[in-house]
1. Tell me, yes or no, whether region 39-50 has at least one residue that is touching a strand residue (DSSP E or B) at 6+ places or on another chain (Cβ under 8 Å) and part of a helix (DSSP H, G or I).
2. Give the number of residues within region 72-93 that are surrounded by 12 or more Cβ atoms within 10 Å (Cβ to Cβ) and farther than 15 Å from residue 45 by Cβ.
3. Counting just the residues of region 17-43 that are closer than 15 Å to residue 3 by Cβ and touching a residue at least 40 places away in the same chain (Cβ under 8 Å), which one comes out surrounded by the most Cβ atoms within 10 Å (Cβ to Cβ)?
């Protein structure tokens, strides 16, 4: 089954979008307000499947910013994608 069609993902995706008030977190860094319609895994899903539903690893993005996070041909993180991967950290208990 495709993870992105699963019920746990759909619930988590909606929770993250609501938490970020449907605003693109990357655009917000520059004072722009764009509607977020995508939830991005800062630590890529294929490399870190165990983090797939961790809220701290997920950010809301607009389509333009999401396209800038990783190369669509080889799925390698761009510099911007690496920035966000470094920016998010798991909570310390």
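Bear in mind these aren't lab numbers, they're just calculated from the coordinates by the rules spelled out. Predicted model, so just to flag it, every value in this text is computed and none were measured. We place every Cβ from the backbone using ideal geometry, glycine too, and count neighbours over all the protein chains shown.
1. There is no residue in region 39-50 that is touching a strand residue (DSSP E or B) at 6+ places or on another chain (Cβ under 8 Å) and part of a helix (DSSP H, G or I).
2. Count: 4.
3. Looking only at region 17-43, we keep the residues that are closer than 15 Å to residue 3 by Cβ, and these are 38-41, 43.
With the extra rule that they be touching a residue at least 40 places away in the same chain (Cβ under 8 Å), the set shrinks to 40, 43.
Numbers: 40: 22, 43: 20.
Across region 17-43, the extreme among qualifying residues is 40.
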